[in-house]
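**Student:** First the structure, then my questions, so here it is.
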Amino acid sequence: RTILRCQRQLSRAYATAAPPHALVFLEHRQGVIDSGSLSALTAAEQLGGQVSALIIGGKDHVQDVVHTAKKLKGVTSVLHSSSPQYVHPLPETLSPLLESLLSKSSSFTHVVSATSSLAKSVLPRVAAKLDVPAISEVTSLSHDKASNSTTFTRPIYAGNAIATVRAPASIPVKFFTVRSTAFSPAQLQEGAEAEVVAVNPVQVNDPVTEHIKTTIAKSDRPDLGVATRVVSGGRALKNAETFEATLYPLADVLGAAVGASRAAVDAGYADNSLQVGQTGKVVAPELYMALGISGAIQHLAGMKDSKLIVAVNKDPDAPIFQVADVGLVADLFQVVPELVKKLKT
Ligand code: FAD
């Protein structure tokens, strides 16, 4: 009986085996594709099959994004849909479109997106409707065409352990979000010209939620999420004035983004949008400078994949030194101004 069951399962798996075809939800702001979505494209390309990009929004911006997306490496087709409801998409307005694209006749085997606020609520919602799981914050993947299964790794316990999970053939559409620091952003490719397909929007009458406004923190500095250099400060910075007076000159001279520990954010030294860590942003720049940050695991969860970590701390036993490539036991109020002076000359 066991053999029969195995045979039945195997034949079902092969019956549903389809070449991978990923639908990647591309998010954009004012017509510029988010860097996280470009990383999601790279992840989708690694599945080894077709990659369709889905772009939604108001008419003007969608056309700009389509123009760029069809020239991106790995993209085989671009689906786009415009509607006033997609200018500020909500899970309630976007999910029906995804559901209709994933209707039974579709060839999509994977649905992929960056780990964004919108995707975190849309993907599990649609996956639940299809009665399949959604896998979040994927950092690597491989797809086995023979068994039609995809294996993912994802950090758990604030990055202290890595889980390897497999979505077998019995899951017809595999949903996953991608940790953008783990995949390089897809680049424009000369000569690339993906097929472009317009998709009718799915109008939702009287959605239960309504978009009121979006407030975006404005800064002349590089965006923390994608900056190649980050200078971060912790509780040791004392207050908002010393945080700014000490860190900003260093960030300026390095062309770096500014980050902060949660203690610094909670104490009002820095804006919430600058928080790095488990409950803040996850960054992996070329250079991460941790100034007066102890190195709690929740902070490390957001920066320990940085290529070069430099830490300045008065306490030689501070845990940050366990992950630092370059560590200086010193008072940051002496060291940082000196460093700025040297970098300027
Ligand atoms: P502290 O731990 O107080 O460290 C300050 C450091 O500055 C000390 O090591 C001290 O030796 C050093 N110092 C003091 N004066 C000087 C000086 N003059 N020169 C040099 N060094 C000096 N934290 C995050 O950062 N990000 C998160 O996303 C996050 N999420 C969390 C989620 C949960 C559920 C929980 C429970 C906690 C979270 N935390 C997070 C908080 C985290 O546990 C720590 O409390 C926090 O990271 C500490 O911040 P800090 O290193 O700035 O402060």
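The values are calculated or read from the model by the stated rules, or taken from the named source; none is laboratory data. Computed from a prediction, not measured in an experiment: that's the story for all the values here. Glycine gets a Cβ as well: all are built from the backbone with ideal geometry, and neighbour counts include every protein chain shown. With ligands, DNA and RNA removed, areas are computed over all heavy atoms of the protein, side chains included. Shrake-Rupley method; radii C 1.70, N 1.55, O 1.52, S 1.80 Å.
**Student:** What number of residues in the range 287-302 are open to solvent by less than 30 Å² (accessible area, probe 1.4 Å) and either within 11 Å of the ligand (Cβ to nearest atom) or charged (D, E, K, R) (or both)?
**Tutor:** Residues meeting the conditions: 9.
**Student:** Do we have Lys314 as more than 7 Å from the ligand (Cβ to nearest atom) and open to solvent by 10 Å² or more (accessible area, probe 1.4 Å) here?
**Tutor:** Details: more than 7 Å from the ligand (Cβ to nearest atom): no; open to solvent by 10 Å² or more (accessible area, probe 1.4 Å): yes.
In short, no.
**Student:** Give the number of residues within the range 224-261 that are in contact (Cβ under 8 Å) with a residue 40 or more places away in the chain, more than 14 Å from the ligand (Cβ to nearest atom) and either open to solvent by 50 Å² or more (accessible area, probe 1.4 Å) or outside any loop (DSSP other than H, G, I, E, B) (or both).
**Tutor:** Summing the residues that are in contact (Cβ under 8 Å) with a residue 40 or more places away in the chain, more than 14 Å from the ligand (Cβ to nearest atom) and either open to solvent by 50 Å² or more (accessible area, probe 1.4 Å) or outside any loop (DSSP other than H, G, I, E, B) (or both) in the range 224-261 gives 6.
**Student:** Also, quick follow-up: Residue under question is Ala324, and the condition is that it be within 16 Å of Arg235 (Cα to Cα), small (Gly, Ala, Ser) and either within 13 Å of the ligand (Cβ to nearest atom) or assigned to a loop (DSSP other than H, G, I, E, B) (or both); does it hold? Walk me through it before giving the result.
**Tutor:** On the way: within 16 Å of Arg235 (Cα to Cα): no; small (Gly, Ala, Ser): yes; either within 13 Å of the ligand (Cβ to nearest atom) or assigned to a loop (DSSP other than H, G, I, E, B) (or both): yes.
Criteria not met by Ala324.
**Student:** So which residues in the range 196-212 are assigned to a loop (DSSP other than H, G, I, E, B), among the aliphatic types (A, V, I, L, M) and surrounded by 10 or more Cβ atoms within 10 Å (Cβ to Cβ)?
**Tutor:** Selection gives Val199, Val202, Val204.
**Student:** Something else now. Restricting attention to the range 134-147, and to residues there that are in contact with a strand residue (DSSP E or B) (Cβ under 7 Å, 6 or more places away or on another chain) and over 12 Å from Ser180 (Cα atoms), which single residue is surrounded by the fewest Cβ atoms within 10 Å (Cβ to Cβ)?
**Tutor:** Ser142
**Student:** One residue is enough: does the range 272-291 have a residue meeting the conditions out of contact with any His (no Cβ under 9 Å at 6 or more places or on another chain), at negative phi, of a type in the set (Phe, Trp, Tyr) and part of a helix (DSSP H, G or I)?
**Tutor:** Within the range 272-291, none of the residues are out of contact with any His (no Cβ under 9 Å at 6 or more places or on another chain), at negative phi, of a type in the set (Phe, Trp, Tyr) and part of a helix (DSSP H, G or I).
**Student:** Determine, yes or no, whether Gln298 is assigned to a loop (DSSP other than H, G, I, E, B) and touching a residue at least 60 places away in the same chain (Cβ under 8 Å).
**Tutor:** no
**Student:** Going by the conditions given, is Thr215 of a type in the set (S, T, N, Q), free of Cβ contacts under 8 Å to residues at least 24 places away in the same chain, exposed (fewer than 11 other Cβ atoms within 10 Å of the Cβ) and assigned to a loop (DSSP other than H, G, I, E, B)?
**Tutor:** On the way: of a type in the set (S, T, N, Q): yes; free of Cβ contacts under 8 Å to residues at least 24 places away in the same chain: yes; exposed (fewer than 11 other Cβ atoms within 10 Å of the Cβ): yes; assigned to a loop (DSSP other than H, G, I, E, B): yes.
Yes, satisfied.
**Student:** Now for a different question. If we keep just the residues of the range 327-345 that are in contact (Cβ under 8 Å) with a residue 24 or more places away in the chain and more than 8 Å from the ligand (Cβ to nearest atom), which is surrounded by the fewest Cβ atoms within 10 Å (Cβ to Cβ)?
**Tutor:** Of everything passing the filter in the range 327-345, Lys344 is surrounded by the fewest Cβ atoms within 10 Å (Cβ to Cβ).
**Student:** When only residues in the range 96-114 that are buried (at least 20 other Cβ atoms within 10 Å of the Cβ) and not hydrophobic (A, V, I, L, M, F, W, C) count, which is farthest from His67 (Cα to Cα)?
**Tutor:** Thr109
**Student:** A further question follows. Scan the range 26-56 for residues that are more than 20 Å from the chain's Cα centre (by Cα) and either at negative phi or crowded, with 20+ Cβ neighbours inside 10 Å (or both) and jot them down. If you could, list the steps in order and put the result at the bottom.
**Tutor:** Filtering the range 26-56 down to residues more than 20 Å from the chain's Cα centre (by Cα) leaves 48-50.
Residues satisfying the conditions are Gly49, Gln50.
**Student:** In the range 270-286, which residues are open to solvent by less than 30 Å² (accessible area, probe 1.4 Å) and either under 24 Å from Val335 (Cα atoms) or more than 8 Å from the ligand (Cβ to nearest atom) (or both)?
**Tutor:** Ala270, Gln275, Val276, Val283, Ala284, Pro285
Results for (1) within 24 Å of Ala284 (Cβ to Cβ); (2) assigned to a helix (DSSP H, G or I); (3) free of Cβ contacts under 8 Å to residues at least 12 places away in the same chain, shown as yes or no for each residue.
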| site | (1), (2), (3) |
| --- | --- |
| Ser37 | yes, yes, no |
| Leu41 | yes, yes, no |
| Ala44 | yes, yes, no |
| Leu47 | yes, no, no |
| Val62 | no, yes, no |
| His67 | no, yes, yes |
| Ser81 | no, no, no |
| Pro89 | no, no, no |
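**Student:** What's the total number of residues in the range 174-195 that are within 30 Å of Gln278 (Cα to Cα) and open to solvent by 60 Å² or more (accessible area, probe 1.4 Å)?
**Tutor:** Summing the residues that are within 30 Å of Gln278 (Cα to Cα) and open to solvent by 60 Å² or more (accessible area, probe 1.4 Å) in the range 174-195 gives 2.
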